[in-house]
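Data first, discussion second: the structure below is written as structure tokens.
Throughout, read-outs are computed from the coordinates displayed, never taken from laboratory work. Just so we're clear, the structure is a prediction, and the values are computed from it rather than from any experiment. Note that each Cβ is placed from the backbone with ideal geometry, even for glycine, and that neighbours are counted across all protein chains shown.
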Amino acid sequence: MTQISKSPRESLTIQTHLVMPNDANQLGNLFGGQLMAWMDEVASITAFRHCGNVAVTASINNVSFTQPIPLGSYVILESKVSRSFKTSMEIYVDVYLETRNGKRSKCNEAIFLFVALDDEGNKIEVPELTPETDEEIRRFEGALRRKQLSLILSGRLKPDDALELKKLFVPITL
Ligand SMILES: CC(C)(COP(=O)(O)OP(=O)(O)OC[C@H]1O[C@@H](n2cnc3c(N)ncnc32)[C@H](O)[C@@H]1OP(=O)(O)O)[C@@H](O)C(=O)NCCC(=O)NCCS
């Protein structure tokens, strides 16, 4: 049975990394695979905080590396649950660069889908999520469409059955 509802605040996880030579690509910028590993780790901690159990990565969607991150940068990853379903949780990871004057600029984001498991590896239900801020509400409202798109792309859902997604398209009348 689903437990009581939680807020995104309760699963907020923040990690700061300094980009070291071992993290860099041939151009002296952060290697994308290293950033993916950091994002997956911070998202898995968020999933654990929300559901109180181990959770595994089922899919990663909409990863965008919009600007290079130079060696020596301070990188902040902020991760929150944006919506929970039955056994799965959508998690947003926002990535920021911290500059010398203490300011932050957003440089990347990714959307993860985690599934909660018990100690035997069986899927378990997760607590509901109650969004609080405007951004949390916006992300919550779009999450079902993103899940349906991800299920279609992974061959788990027929486009015809993606009812929430279909609502985006206006019927064409000839
Ligand atoms: C993820 C995993 C547990 C799903 O198991 P499964 O038996 O296929 O589960 P289901 O089809 O019942 O899916 C479970 C939930 O995940 C969702 N889901 C699964 N794949 C998904 C995808 N690609 N996109 C969006 N949602 C997905 C389902 O919709 C379902 O959600 P709900 O219960 O909240 O409604 C299983 O595939 C697994 O263990 N994968 C390996 C995970 C792992 O090791 N990750 C680390 C990287 S290797």
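If I filter the stretch 81-92 for residues that are away from the ligand (no atom under 13 Å from the Cβ) and more than 21 Å from L144 (Cα to Cα), do I get at least one hit? Checked the stretch 81-92: no residue is away from the ligand (no atom under 13 Å from the Cβ) and more than 21 Å from L144 (Cα to Cα).
Among the residues of the stretch 131-174, those that are surrounded by 14 or more Cβ atoms within 10 Å (Cβ to Cβ) and part of a loop (DSSP other than H, G, I, E, B) comprise P131, L157, A162. Which members of the stretch 111-128 meet the condition of being in a strand (DSSP E or B) and either of a type outside the set (A, V, I, L, M, F, W, C) or away from the ligand (no atom under 12 Å from the Cβ) (or both)? Listed by number, the list holds a single entry, K123. Is there a residue in the stretch 99-109 that is closer than 13 Å to T46 by Cβ and more than 10 Å from the ligand (Cβ to nearest atom)? No, every residue in the stretch 99-109 fails to be closer than 13 Å to T46 by Cβ and more than 10 Å from the ligand (Cβ to nearest atom).
Are there any pairs, at least 6 apart or on different chains, whose C-beta atoms fall under 6 Å, with the first in the stretch 139-160 and closer than 18 Å to A58 by Cα and without any contact (Cβ under 8 Å) to a residue 24 or more places away in the chain and the second within 7 Å of the ligand (Cβ to nearest atom) and of a type outside the set (D, E, K, R), and if so, which? Here the result reads L157/L151, each pair linking the stretch 139-160 to a residue that is within 7 Å of the ligand (Cβ to nearest atom) and of a type outside the set (D, E, K, R). Applying the set (1) part of a helix (DSSP H, G or I); (2) within 15 Å of the ligand (Cβ to nearest atom); (3) not hydrophobic (A, V, I, L, M, F, W, C) to S59 leaves exactly one unmet item: (1). Whenever a residue of the stretch 45-56 is farther than 11 Å from T87 by Cα and assigned to a helix (DSSP H, G or I), its partners that are of a type in the set (K, R) and away from the ligand (no atom under 12 Å from the Cβ), lying with C-beta atoms within less than 7 angstrom and at least six residues away or across chains, give the pairs T46/K80; H50/K6.
As for the stretch 46-64, it holds at least one residue that is closer than 30 Å to P21 by Cβ and hydrophobic (A, V, I, L, M, F, W, C). Within 14 Å of the ligand (Cβ to nearest atom), in a strand (DSSP E or B) and either touching a residue at least 60 places away in the same chain (Cβ under 8 Å) or touching a strand residue (DSSP E or B) at 6+ places or on another chain (Cβ under 6 Å) (or both): does that describe I76? Here the answer is no, as I76 does not meet what is asked.
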